[in-house]
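One structure is given here, and the rest of the page talks about it.
The values are calculated or read from the model by the stated rules, or taken from the named source; none is laboratory data. Treat the numbers as computed from the prediction; the structure is a model and nothing was measured. Cβ sites come from the backbone with ideal geometry, for glycine too, and all protein chains shown count toward neighbours.
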Amino acid sequence: MEQVFFFYFALVIAAASVLVVALRNPIYSALALLIMFFHVAGLYVTLHAEFLAAVQIIVYAGAILVLYLFVVMLLNLRQDDRYHRQWPMAGIVGATLVIEAIILTVMKGWTAPVVAAGTETTVGATTNAGAIGDVLYSTYLFPFEVASLILLVAMIGAIMLAKKDIVEVNSEG
Amino acid sequence: MTVPLSYYLVLSGIVFLTGFVGVLLRRNIIIILLSVELMLNATNINFVAFSQYFHDVAGQVFVFFALTVAAAEVAVGLAIIIALYRAKSAINIDEFQLLKW
């Protein structure tokens, strides 16, 4: 049963990600990415990461993708050529990566890594969100604060970059 | 019957490669940013799969941080795209060659 769910999610994720790259219209690409985000959230549920599944839908599908669609429609793009001139080089690099991946998987012989003993950090929490909160606010408190700083910098940077009169002043002066 | 860890790694590898090829091949900057999102999601799948496999919740915490960075990247990247569009009225990366040798 678990495998049925995994193969369904994996198939849709792989197909949607190919569509994101292959589709000509940016809006269709963004919608394919939306399908992929929802199925990644489903995959998280099968992996017992319910909190991350909710966050995936709220942040990725709810915020990030809406921002993308907003910009695509704001710019009112015409459809244009899909691929640019460096595609032979890209083909060589991509083929090398694929071969390397195949060789690595064959060489490792599909052996599963050893489960490390005694590193479990789930302490006294019953739910998934509780376990994440326990670790996030104790062990990873400093990275958590740094993440808030990153968000602040990104917010200020986005406002400064997209502000109209700054660009105009620079081009006039 | 549980799913082996290697299946998740293969899925994540496929998605990552797709995103990588998209970054290299496409000309539209928005599609390139979408491909970067694909790669970030591939790493997130890896993190969650390993987190489940090792019974260690730290992997999910890292997905949380990756999500934060992805949100920041999208905000700044789209602001840059809007600024570029104002300057050149195009978002094909072939149009922006100022830093090319």
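Give A:Thr96, A:Thr105 a once-over and let me know the one that is more than 30 Å from B:Arg27 (Cα to Cα) and either at pLDDT 60 or above or under 24 Å from the mean Cα position of the chain (by Cα) (or both). Lay out the reasoning, then the answer.
Numbers: A:Thr96 fails: more than 30 Å from B:Arg27 (Cα to Cα).
Being more than 30 Å from B:Arg27 (Cα to Cα) and either at pLDDT 60 or above or under 24 Å from the mean Cα position of the chain (by Cα) (or both) holds for just one of A:Thr96, A:Thr105, which is A:Thr105.
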Given the conditions (1) modelled with pLDDT of 60 or more; (2) small (Gly, Ala, Ser); (3) over 23 Å from the mean Cα position of the chain (by Cα), which single one is not true for A:Ala158? (3)
Please identify the pairs in which a residue from the stretch A:132-147 that is within 7 Å of chain B (Cβ to nearest Cβ) and under 18 Å from B:Asp56 (Cβ atoms) has its Cβ atom under 7 Å from the Cβ atom of a residue that is of a type in the set (Gly, Ala, Ser) and part of a helix (DSSP H, G or I), counting only partners at least 6 apart or on another chain. A:Val135/B:Ala58
Give the number of residues within the stretch A:75-93 that are loosely packed, with under 15 Cβ neighbours inside 10 Å and at pLDDT 80 or above. 3
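So if I check each of A:Val18, A:Val55, A:Val72, A:Val40, which one is surrounded by fewer than 19 Cβ atoms within 10 Å (Cβ to Cβ) and part of a helix (DSSP H, G or I)? Reasoning before the result, please.
Numbers: A:Val55 fails: surrounded by fewer than 19 Cβ atoms within 10 Å (Cβ to Cβ); A:Val72 fails: surrounded by fewer than 19 Cβ atoms within 10 Å (Cβ to Cβ); A:Val40 fails: surrounded by fewer than 19 Cβ atoms within 10 Å (Cβ to Cβ).
Result of the check over A:Val18, A:Val55, A:Val72, A:Val40: A:Val18.
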So how many residues does the stretch B:43-56 have that are closer than 16 Å to B:Glu73 by Cα and either in contact with a Leu (Cβ under 8 Å, 6 or more places away or on another chain) or buried (at least 20 other Cβ atoms within 10 Å of the Cβ) (or both)? 1
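Do we have any residue at all in the stretch B:58-75 that's over 25 Å from A:Val45 (Cβ atoms), out of contact with any His (no Cβ under 6 Å at 6 or more places or on another chain) and of a type in the set (Val, Ile, Thr)?
There is no residue in the stretch B:58-75 that is over 25 Å from A:Val45 (Cβ atoms), out of contact with any His (no Cβ under 6 Å at 6 or more places or on another chain) and of a type in the set (Val, Ile, Thr).
Before we move on, is A:Ile13 out of contact with any Cys (no Cβ under 7 Å at 6 or more places or on another chain) and either crowded, with 19+ Cβ neighbours inside 10 Å or outside any helix (DSSP H, G or I) (or both)? Step through it out loud before you land on a result.
Working: out of contact with any Cys (no Cβ under 7 Å at 6 or more places or on another chain): yes; either crowded, with 19+ Cβ neighbours inside 10 Å or outside any helix (DSSP H, G or I) (or both): yes.
Yes; evaluated as a whole, the condition is true for this residue.
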